[in-house]
Amino acid sequence: MRRILGLGELALVAIAAAATALTPSASAQQDVGSIDGEILSQLSRVAVVTADFDTSLAFYRDVLGFEELFSGDISRPIVREQMNLPDDAVIHMTVLKQKDALIAEDGFVGSQISLIRISGVDLPRMTRPDDAPMVISEPMLAVRTSDIAAVEAGITKLGLRVMVPTMPSPDGTHKEIVVHDPNGLRVHIVERRS
């Protein structure tokens, strides 16, 4: 009998599954390689298993301005196995990219986030005590924006929880707002001053 993973555990497993689902041909993959025997790594994508897919998509696409790169069913046996899900689980993934990201012959340059909706199985939800501002191993995202006022208006329109209202940094180089996305993921949104 398989153990069903919680949403937080699935978010980490989903990164690997998403990479498998979208792996381009070997000639199109960017080789991370090494320099003088030193291992080099790069983060290719962050994945969020969503509690509310539609509101999550509205937040990342409409409020933060990410663009859709891929959207579809990835319910293949290998993906279910990587995510430790039963055979009847249906997995839908939408990959969003930053607007100025580049897709080149040798790979993808830029930030991506995958939103994953899983149906056909009841998943437990990660919880945090209501009075805890943060917990050990809590994932966080940091996103840069060109217009924090417009982002804040979108956050308000979606009714998302603001953890820390927009405030300037002590040195005045940037403004930052901290919110919970529709899934409870802590997101720091930063506008740098030029």
Inter-probe distance in nm under a simple model that places probes 7 Å from Cα toward Cβ, at residue 167 and residue 180: 1.9
Highest-first arrangement of 112-124, 151-163, where packing means the average Cβ count within 10 Å: 112-124, 151-163
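At a 10 angstrom cut-off on C-beta neighbours, averaged per residue, how do the peptides 63-69, 128-134 rank from highest to lowest?
Values: 63-69: 18.4, 128-134: 8.4.
Result, highest mean Cβ count within 10 Å first: 63-69, 128-134.
Taken together, the values in this text are just the output of simple stated rules run on the coordinates, not laboratory data. Since the structure is predicted, the reported quantities are computational estimates derived from the model, not experimental observations. Backbone-built Cβ (ideal geometry, glycine too); neighbour counts: all protein chains shown.
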